[in-house]
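Here's the structure we're looking at; comments come further down.
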Amino acid sequence: MPTPEEFRQMLNGPVCAVTTPFNADYSVDYDGLATLVDFYCKSQIGPLIIAGSTGEFYSMTQEERKKVITVSVEAADGRLPIIAGSCSHSGTHLAIDMMNHCESVGASGAMVTPPYYQYDGFGGLKKHYEMINAESDLGVLIYFSGAVLHQVQDIIADPQKLVELGEIDNVVGFKDSSQNFFFLRDVSILLKDKVNVLASAGMGYYMWAWDYGCPGFITGVGNIWPERELEFWHALQKNDRARAQEIADTVDRPYISYIKGKGKGYNYWAAVKALLEMNGLPGGLMRPPLLDWPEDARDELRSTMVSIGLQQD
């Protein structure tokens, strides 16, 4: 098992948050999940976050959360690090139980949101991470997901509080979904060399963070077309800012604008699953209460991706 410091070093470049395919009866398609993990490993895009928000962890039983990590670690077979997103939970002891399982089956680290129902202020949040730290040797990636942003506004207003969480031994990563440029800038600077920051919200948003030392980002188009996300990353690494900006503007921005801007009650992850299926990969159903991308909207989804230059006609 990697040490927390070794896990920190893995939080670099494009990090892929993997969807969880569900069968027609809404059971987990474990074989489909293994196929997706194999696809990303062969594409060399990762680490892979399994059973995070994109993976619909919140709709799974404790047993399902454990099994998806076990299956993914086995499917990856050491080719890419597996980050256990399933360790996010509403209660500290429930999170610790998941941490212990994920550690035992060989996960490289764990992604842990603040408790997503309730906790008692910053003191309660800090205790949550301290207790997890005391009971597990896994490195921890703290995640401010969209679901908990209303609870962490005090930290967004005062990023120094996040530095205090970063002083907990096993806390070595932070994933930001605030879409607040200034908060992301500040934490990228404040946490540098101790906690690796991952940006969400697309390539263009990440380029802001790159300028301030943020080492990694969550993939968008890379969930379906890994080569395009890697092309962007390699351009940044070569200091070819013009090429990176071109990819962000002509590929990533229209992709995100379309699948996040429909406003019809179905969401980004439903589009990802529909696009995976269009490309011969396991997509599967969304698990209620989330909705699938409608069948009568899939031709438009395909044609839009063709117009962007992502999908083959």
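One table, with the values for the structure above:
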quantity	calculated
Taking the convex hull of Cα positions in the stretch 257-313, its mean projected area over all directions (nm²)	3.8 nm²
Distance in nm between pseudo-label sites at Gln44 and Asp77 (7 Å out along the Cβ direction from Cα)	1.8 nm
Set Lys67/Lys194; Lys127/Lys194; Lys161/Lys238 screened for pairs whose C-alpha atoms are more than 24 Å apart	Lys67/Lys194; Lys161/Lys238
Helix-only mean residue ellipticity at 222 nm for the chain, each DSSP H run of n ≥ 4 adding -39500 (n - 2.57), per residue, nearest 500	-13500 deg cm²/dmol
Residues Arg243 and Arg287, FRET efficiency given R0 of 35 Å [Cβ-Cβ distance, rounded to 0.05]	0.35
Kyte-Doolittle mean at least 0.0 and Cα axial length at least 27 Å: DSSP H helices in the chain	none
Principal axes of the stretch 63-104: Cα extent on each, largest first, Å	32, 16, 15
For Gly139, residues with placed amide H under 5 Å, excluding near neighbours	Ala110
Global geometry of the stretch 173-266, whether rounded, prolate or oblate, following the gyration tensor of its Cα atoms and the 1.5 cut on a/c	oblate
Per residue, the convex hull volume that the Cα atoms of the stretch 90-170 enclose (Å³)	83 Å³
Within a Gaussian network of the chain (alpha carbon springs, distance under 10 Å), most fluctuating of Ala95, Ala17, Ala297	Ala297
Top of Gln62, Gln153, Gln245 by mean-square fluctuation, Gaussian network on the chain, Cα under 10 Å	Gln153
The stretch 78-225: C-alpha gyration tensor shape, a/c 1.5 cut-off, then a/b vs b/c	oblate
Calculated FRET efficiency for the pair Lys161/Ala134, C-beta based, R₀ 22 Å, to 0.05	0.60
Within a Gaussian network of the chain (alpha carbon springs, distance under 10 Å), most fluctuating of Asp186, Asp77, Asp25	Asp25
Linear extension gain, Ser27 paired with Phe181, 0.36 nm per residue minus alpha-carbon span	51.6 nm
Environment charge at Phe122 (Cβ cut-off 11 Å; Lys +1, Arg +1, Asp -1, Glu -1)	-1
Compactness of the stretch 1-152 as Cα Rg over 2.2 N^0.38 Å, two decimals	0.98
Extension reserve of the Thr3-Ala297 stretch, reckoned as 0.36 nm per residue once the Cα distance is removed	101.3 nm
Probe 1.4 Å, protein heavy atoms only - accessible area per residue of the chain in square angstrom	40 Å²
Span per principal axis, largest first, for the Cα atoms of the chain (Å)	53, 46, 36
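The values are calculated or read from the model by the stated rules, or taken from the named source; none is laboratory data. Note that the structure is a prediction, hence the values are computed from the model and not measured. Heads up, the Cβs are rebuilt from the backbone with ideal geometry, glycines too, and the neighbour counts pull from every protein chain shown. All accessible areas refer to the heavy atoms of the entire protein, side chains included, with ligands and DNA or RNA removed. Shrake-Rupley method; radii C 1.70, N 1.55, O 1.52, S 1.80 Å.
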